[in-house]
1. Restricting the search to segment 84-105, which residues are in a helix (DSSP H, G or I) and among the hydrophobic types (A, V, I, L, M, F, W, C)?
2. Just give me the residues in segment 68-97 being under 17 Å from the mean Cα position of the chain (by Cα) and among the hydrophobic types (A, V, I, L, M, F, W, C), in sequence order.
3. Determine whether Tyr63 is more than 19 Å from Leu32 (Cα to Cα), of a type in the set (Phe, Trp, Tyr) and surrounded by 15 or more Cβ atoms within 10 Å (Cβ to Cβ).
4. Kindly indicate which of Gly81, Gly69 is over 19 Å from Ile126 (Cα atoms) and surrounded by fewer than 15 Cβ atoms within 10 Å (Cβ to Cβ).
5. Within segment 1-83, which helices (runs of 4 or more DSSP H) (wholly inside it) include 2 or more residues that are touching a Gly at 6+ places or on another chain (Cβ under 9 Å) and at pLDDT 95 or above?
6. Is one or more of the residues making up segment 63-86 touching a helix residue (DSSP H, G or I) at 6+ places or on another chain (Cβ under 6 Å) and among the aromatic types (Phe, Trp, Tyr)?
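The values are calculated or read from the model by the stated rules, or taken from the named source; none is laboratory data. Bear in mind the structure is a predicted one, so any value in this text is a computation, not a measurement. No Cβ is skipped: glycine too gets one built from the backbone with ideal geometry, and neighbour counts run over all protein chains shown.
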Amino acid sequence: MKSFNFDDDGANPASILIKQYPESSKSRLKELIKYKRYQVPPAELEHILHSHPGITEAAVIPYPDESAGQVPMGFLVKRRGSTINETQVKDYVAKQVAPYKKLRRVCFTDSIPKNAPGKLLRKELIKMAVNSRL
């Protein structure tokens, strides 16, 4: 059973943040990848991908899939001189996550689109993936 930490007033700090910043919590919920009946947070997979020595940048998006609804797809920028391939990336992630969170598709690219403050432009990546059928 999960336990929740409450402050002296009896409020859960996470619920306070959601009440103070409802738009940010909604955008985070929208980012979740719906794989079959599971929800996969892209940030978790990105964190794992960033820990790989052969990868300098990573972004994970929901890729449309007929049978699963969406599957996790990674856009990756290789470190200079790296010879990492799709299978190695998938295996690296699969060893660290539950089976439903595994990357199902991988695309290597020269750069990942970001806005001026450095936030990933996931919508652009999704359009790029769907339009080119990567």
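1. Taking segment 84-105 and keeping what is in a helix (DSSP H, G or I), we get 86-94, 99-101.
Across segment 84-105, the qualifying residues are Val89, Val93, Ala94.
2. Ala68, Val71, Met73, Phe75, Leu76, Val77, Val89, Val93, Ala94, Val97
3. Values: more than 19 Å from Leu32 (Cα to Cα): no; of a type in the set (Phe, Trp, Tyr): yes; surrounded by 15 or more Cβ atoms within 10 Å (Cβ to Cβ): yes.
So Tyr63 does not fit the description; no.
4. Working: Gly69 fails: over 19 Å from Ile126 (Cα atoms).
Just one listed residue meets the conditions, Gly81.
5. Details: elements: 13-20, 22-31, 42-50.
Those helices (runs of 4 or more DSSP H) span 42-50.
6. Yes, segment 63-86 contains at least one residue that is touching a helix residue (DSSP H, G or I) at 6+ places or on another chain (Cβ under 6 Å) and among the aromatic types (Phe, Trp, Tyr).
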